[in-house]
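The values are calculated or read from the model by the stated rules, or taken from the named source; none is laboratory data. Keep in mind it's a predicted model, so treat the numbers as computed, not measured. We place every Cβ from the backbone using ideal geometry, glycine too, and count neighbours over all the protein chains shown.
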């Protein structure tokens, strides 16, 4: 009986050694899978950030062009007003001066209002396109700067 017990213990010991590498492999696979998952998640976040970066660059380029156009329109309105006022004050008749001043300021207000309206439309279009683009990125809201849209130039 002692031989059978001893043989049983030897078989059990051999089997336990055979099972150890299998367990070690399983643990290694779990570690590799966790590392692969973390790497994949990190790459996904990096891709979303890159997508938002592109959307921001596009928005900023559009806003830069739009604000440049707005400033040119405002400068043109001031130049036109100055020229019209100079013409008005070239008159020697008070009624003609008054009529010329009215034309200069009415034209100025109209030009500034048109420039402001165009700027607001362009600004809103740039931000709207940005929101659509970032939605397609499926990025978390803490990655975008959309909450800062209220800080834009008013255009008046």
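Summary table
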quantity	calculated
Test: residue in segment 110-118 that is closer than 28 Å to residue 51 by Cα and loosely packed, with under 15 Cβ neighbours inside 10 Å	no
Any chance residue 86 is part of a helix (DSSP H, G or I), exposed (fewer than 14 other Cβ atoms within 10 Å of the Cβ) and within 39 Å of the chain's Cα centre (by Cα)	no
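Per-residue answers, yes or no, for (1) modelled with pLDDT of 95 or more; (2) closer than 30 Å to residue 152 by Cα; (3) assigned to a helix (DSSP H, G or I):
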| site | (1), (2), (3) |
| --- | --- |
| 37 | no, no, yes |
| 63 | yes, yes, yes |
| 73 | yes, yes, yes |
| 103 | yes, no, yes |
| 106 | yes, yes, yes |
| 114 | yes, yes, yes |
